[in-house]
Amino acid sequence: RGADVTLAEKGSLGAGSTARAAGGIRSQFSSRVNVELSLASKEVWNSFDERFGVDIGLRKNGYLFLARTADAAEQFRQNVELQRDLGAESELLTPAEATEHCPGLDPEPFVAATYNPDDGIADPNLAVQGYAEAARESGVDIRTKTAVTELHREGDRVVGADLRAVGTGSSEPSERREVDCVVNVAGAWAPAIAEMAGVDLPIAPRRRQIAVVDPTPPVPESAPLTIDLETGSYFRPERDGVALIGGHFGDTDPDQDPDAYDEGMDIAWAARAVERAAEYTAYFGPDTRIKRGWAGLYAVTPDHHPIVEETIPGLVTVAGFSGHGFQHAPAAGRIGADLAADGETDLLDISPLSGDRFERGETHSEHSVA
């Protein structure tokens, strides 16, 4: 569009939440806007290799959601109806039918399931590389090890940003940049950026963990990402016989300092995650070996939907995706560009994602959060 774009990344590309994501890509959400973000993003993910020349390891094994109660099953029915109306390939299954997709699943605890064969996983780090190279070729000035230290306003409008090199021994002064627009896509760090402009974003950094395990027997590589929604437990196959296990099981979920949280995996949590998965599958049990793991941050809003808007003149916010930021990134990037360049977008209706919905009491429900 002819814009002069600078990307400021205080670390290395993808070293924040992206490198710690599970890589899931799905259409199975319960709100219209989340399904629309998914479908718009899938148009990019499905053609990424062709468009960017990078194989992101996209595997369409599907997503399998499991319901234990009649209330959850009814919500699943409504979800599938919405998703199919919008063009997704989701289907409602019986527990017995679910075992056709996940042979090691115990159907007894469940009353219903949903499945979408077009859902899957990809490698977030490879996606970052593809986007970054394409951005450079388009003339974007990508500055790593560069922090935004201040935003400047004239009245209500953001008109400038201070950039400063960071790292061991760096003593360079800040560089003042005059700007037409700042796009805040900092995820768990987005509130700190917004605060520089006098804006309060209701986004909470929350810690989530993933364990890499050797299941017994191995999870077939064709198995879907499987979510026991009401307990929060999920797993998916990786390559070479290992599997990823995740889930949030604690009674508390405190906010984290995104610059000083524990990036490692808690062994006690990992053991509990294996136990939870063992309750409903044949793949995990006493012989499952925990190999390694990590923790990352969800950028969580009160209703688990992102804030996507021009918050004040000259400041566009695209943040707070509550664990869905990687999979919705293609649509979010397009919308952010539209807002920065044109002040509006025609990709989809983003009015439900305005930040003032919390003050108005017009929040949304997203029941498919893992």
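The values are calculated or read from the model by the stated rules, or taken from the named source; none is laboratory data. Every value quoted in this text rests on a predicted model; they were computed, and no experiment measured them. Methodologically, a virtual Cβ is constructed for each residue, glycine included, from the backbone with ideal geometry; neighbour enumeration extends over all protein chains shown. The accessibility values were calculated without ligands, DNA or RNA, using every heavy atom of the protein model including side chains. Shrake-Rupley method; radii C 1.70, N 1.55, O 1.52, S 1.80 Å.
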Open item on the list: Using amide H atoms built in the peptide plane, which far-off residues or other-chain residues are under 5 Å from Val111 H to H?
Closed with: Ala67, Arg68, Thr69
- [ ] Return the whole-Å distance between the Cα centroid of segment 18-39 and the Cα centroid of segment 108-180.
- [x] 19 Å
Open item on the list: For Asp287, Asp119, Asp240, give me the order by solvent-accessible area with a 1.4 Å probe, most accessible first, ignoring ligands, DNA and RNA.
Closed with: Asp240, Asp287, Asp119
Open item on the list: Using the Kirkwood radius over C-alpha pairs as Rh, can you work out the diffusion coefficient of segment 1-153 via Stokes-Einstein at 20 °C, viscosity 1.002 mPa s, in µm² per second?
Closed with: 119 µm²/s
Task: Calculated Rg and Dmax of segment 1-65 using C-alpha coordinates, Å - done: 14.9, 44
Open item on the list: With angles folded into 0 to 90 degrees, how steeply does helix 124-137 sit against the dominant principal axis of the chain? Use alpha carbons for both and round to 10.
Closed with: 30 degrees
Open item on the list: Given R₀ = 25 Å, what would the calculated FRET efficiency be for Gln129 paired with Arg292, taking r from the Cβ atoms and rounding to 0.05?
Closed with: 0.65
Task: Shape parameters for segment 173-262, alpha-carbon atoms, Rg then Dmax in Å - done: 19.4, 59
Task: segment 1-129 - percent of accessible surface contributed by carbon and sulfur, probe 1.4 Å - done: 45 percent
- [ ] Using +1 at the Cβ of each Lys and Arg and -1 at the Cβ of each Asp and Glu in segment 148-276, identify which of Val274, Pro173, Pro224 lies farthest towards the dipole's positive end.
- [x] Pro224
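Starting from the Kirkwood radius over alpha-carbon pairs of segment 83-199, derive D by Stokes-Einstein at 10 °C in a medium of 1.306 mPa s and give it in µm² s⁻¹.
Using the Kirkwood radius from Cα pairs, D works out to 83 µm²/s.
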Open item on the list: How large is the Rg to Rh ratio of segment 57-116 when both quantities use alpha carbon positions and Rh follows Kirkwood?
Closed with: 0.99
TODO: Report the extension gain between Asp180 and Ala96 in nm, rounded to one decimal, defined as 0.36 nm multiplied by the number of residues separating them, less their alpha carbon distance.
DONE: 24.6 nm
Task: Angle in degrees between helix 32-45 and the longest Cα principal axis of the chain, rounded to the nearest 10 - done: 80 degrees
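Express the C-alpha Rg of segment 231-330 as a ratio against the empirical globular expectation 2.2 N^0.38 Å, rounded to two decimals.
Segment 231-330 yields a ratio of 1.33.
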Task: Percentage of interatomic Cα-Cα distances in segment 213-268 larger than 19 Å - done: 45 percent
Open item on the list: Within 10 Å, at most 11 other Cβ atoms, and a DSSP state outside H, G, I, E, B define an exposed site. Report the longest part of the chain free of exposed trypsin sites (Lys or Arg not before Pro).
Closed with: 2-238
Task: Nonlocal amide H pairs with Ile56, under 5 Å, H built at 1.01 Å - done: Asp49
- [ ] For the chain, calculate the relative contact order in percent as a whole number, restricting contacts to Cα pairs under 8 Å that are 6 or more residues apart.
- [x] 21 percent
TODO: List every residue whose amide H lies under 5 Å from the amide H of Val182, counting only residues 5 or more places away in sequence or on a different chain, with H placed 1.01 Å from N in the peptide plane.
DONE: Leu315, Val316
Task: Principal axis dimensions, the chain - Cα atoms, whole angstrom, descending - done: 62, 47, 43
Open item on the list: Can you compute 3J(HN,Hα) from phi for each residue in segment 256-272, using the Karplus curve 6.51 cos²θ - 1.76 cosθ + 1.60 with θ = phi - 60°, rounded to whole Hz and x for Gly and Pro?
Closed with: 10, 7, x, 9, 8, 10, 6, 8, x, 9, 7, 4, 4, 5, 4, 4, 5
Task: Degrees between helix 70-85 axis and first principal axis of the chain (Cα, 0 to 90, nearest 10) - done: 60 degrees
